[in-house]
1. Hey, with R₀ at 25 Å, roughly what FRET efficiency would Gln15 and Asn36 work out to, going by the Cβ-Cβ distance, to 0.05?
2. Can you work out the Karplus-derived ³J(HN,Hα) for every residue in region 54-63? Use 6.51 cos²θ - 1.76 cosθ + 1.60 with θ = phi - 60°, whole Hz, and x for glycine or proline.
3. Just report the Cα centroid separation between region 1-50 and region 65-90, whole Å.
4. Answer with one residue from Gln60, Asn36, Ile25: the one whose Cα lies farthest towards the positive end of the charge dipole of region 9-66, charges on Cβ with Lys, Arg +1 and Asp, Glu -1.
5. So if R0 is 35 Å, what FRET efficiency would Ile25 and Val45 give, r being the distance between their Cβ atoms, rounded to the nearest 0.05?
6. Run the dipole for the chain about the Cα centre, Lys and Arg Cβ at +1, Asp and Glu Cβ at -1, nothing else charged, and hand back the magnitude in debye, nearest 20.
7. Find out how many positive minus negative residues lie around Thr55, taking Lys and Arg as positive, Asp and Glu as negative, among other residues whose Cβ is under 13 Å from that of Thr55.
8. Would you kindly compute the Cα radius of gyration of region 27-90 and its largest Cα-Cα separation (Dmax), both in Å?
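We did not get these values from a lab; they are worked out from the coordinates using the rules stated. Everything quoted here is computed from the prediction, not taken from an experiment. Note that we place each Cβ from the backbone using ideal geometry, even for glycine, and neighbour counts take in every protein chain shown.
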Amino acid sequence: MSFNFNFSQLQEQAQKLTSSLSENINNLKLQETTQNLSSNLTKEVGNLKPIFQRTTRSLQEKFGSIDDISELPQEYKDLEKKVDNLKIFD
């Protein structure tokens, strides 16, 4: 029983496999994908920031942990008076 190994053929297949793996890794574009993900995440966090600020402010006003409570704009106050006057006529 003898074993015949063709090392040159084995080496050639290993080189093809290495080349193929390298090409597939480059096609993944990991750096570009990571940058895009980071950019999108930064945008979304930026979009959420004003919502968190308003919610925090609202909770502070409701629980009385802040002194300078926001006032409604004058047009809302005027609208409130009109609605109250309408209720009187009912």
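1. 0.15
2. 5, 5, 4, 4, 4, 5, 4, 5, 5, 8
3. 62
4. The residue sitting farthest along the positive end of the dipole is Gln60.
5. According to the calculation, E is roughly 0.70.
6. 220
7. +3
8. When restricted to Cα atoms, region 27-90 yields Rg and Dmax of 22.5, 74 Å.
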